[in-house]
1. Is at least one residue of the range 55-71 touching a residue at least 12 places away in the same chain (Cβ under 8 Å) and within 11 Å of the chain's Cα centre (by Cα)?
2. Filter the range 110-145 for residues that are farther than 28 Å from Val74 by Cα, surrounded by fewer than 19 Cβ atoms within 10 Å (Cβ to Cβ) and at pLDDT below 90 and give the result.
3. If a residue counts only when it is of a type in the set (A, V, I, L, M, F, W, C), open to solvent by 60 Å² or more (accessible area, probe 1.4 Å) and at negative phi, which helices (runs of 4 or more DSSP H) contained entirely in the range 8-86 have at least 1 such residues?
4. Within the range 121-177, work out how many residues are β-branched (Val, Ile, Thr) and touching a Gly at 6+ places or on another chain (Cβ under 6 Å).
5. Within the range 198-209, does at least one residue satisfy the condition of being within 23 Å of Ile56 (Cα to Cα) and either surrounded by fewer than 20 Cβ atoms within 10 Å (Cβ to Cβ) or at pLDDT 85 or above (or both)?
6. Condition test on Ile89, is it modelled with pLDDT of 90 or more and either buried (at least 23 other Cβ atoms within 10 Å of the Cβ) or touching a Cys at 6+ places or on another chain (Cβ under 6 Å) (or both)?
Amino acid sequence: MASWETLAAFAVLTIAVAYFPGPALLYTAAQTISHGRRAGFMAMLGIHLGCYLHVIAAAFGLSAVFKHVPELYVAVKLAGALYLVWLGIGMIRSRLGGADVDVSPPKTVKRALLDSFIVEVLNPKVALFFIALLPQFVDPAASLPVWAQFLILGTIVNFAFSSADFVTVLGASAVVKTMKKTKAGFAFGRWLGGSLMIGLGVKLATDRG
């Protein structure tokens with residue numbers, strides 16, 4: 001592995017990136033606002049599991065295909081964007097249910113896990129992030145193989161991201177708990193969460209690079 005100084009720099013950079021407000025945190029907040037805290041935690045888990053596919057792809061050089069085949073990058077990006085928009089519309093159109101922030105139908109909770117896994121896998125920007133970040137902290141001369149160093153560093157990044165998602169779910173559920181005491185507040189929560197999801201989809205589709 002790299003030197004302790006390099007790993008310390010890696011840790012600081014990872015925490016800074018993980019806790020900087022971005023699309024992933026907004027997505028987790030949207031799921032929590034719309035479906036409650038349990039669904040928010042399932043969304044966090046889905047993103048965490050989906051991220052491992054990007055880590056593995058980066059470790060074995062598979063993510064580099066996005067750099068060499070831009071058409072594939074655009075196709076995956078648009079698929080992910082359309083999925084986000086579809087999820088957002090579904091949130092807005094969903095019928096009102098219970099107002100307790102801790103109570104979500106089991107089907108909704110499971111769906112949040114699956115949806116979040118798919119959203120993460122269909123985001124090629126995550127793949128490019130890993131192949132841009134991790135090589136800076138990999139030591140080809142180390143006793144550990146390069147692919148193993150990729151997996152270790154990628155796993156550390158993934159857990160840092162998940163810790164930020166965890167904090168986001170707690171924060172969003174605390175705010176929404178009061179808002180969902182009325183039907184009007186509950187409806188606004190669904191509208192806000194869906195709008196955030198649609199906005200993320202549009203941003204993903206229109207972002208260059």
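1. No - not one qualifying residue is present in the range 55-71.
2. Lys110, Asp139, Pro140, Ala141, Ala142, Ser143, Leu144
3. Filter on the range 8-86 gives 23-35, 37-59.
4. Qualifying residue count, the range 121-177: 3.
5. Here is the first cut: in the range 198-209, the ones within 23 Å of Ile56 (Cα to Cα) are 204, 209.
From the residues that got through so far, the ones that are either surrounded by fewer than 20 Cβ atoms within 10 Å (Cβ to Cβ) or at pLDDT 85 or above (or both) too are 204, 209.
Among the residues of the range 198-209, at least one is within 23 Å of Ile56 (Cα to Cα) and either surrounded by fewer than 20 Cβ atoms within 10 Å (Cβ to Cβ) or at pLDDT 85 or above (or both), which makes the answer yes.
6. Numbers: modelled with pLDDT of 90 or more: yes; either buried (at least 23 other Cβ atoms within 10 Å of the Cβ) or touching a Cys at 6+ places or on another chain (Cβ under 6 Å) (or both): no.
Answer is no for this residue.
The values are calculated or read from the model by the stated rules, or taken from the named source; none is laboratory data. What you are looking at is a predicted structure, and each value in this text was computed from that prediction instead of being measured. Cβ: placed from backbone, ideal geometry, glycine included. Neighbour counts: every protein chain shown. SASA here: full protein model, heavy atoms, side chains in, ligands and nucleic acids out. Shrake-Rupley method; radii C 1.70, N 1.55, O 1.52, S 1.80 Å.
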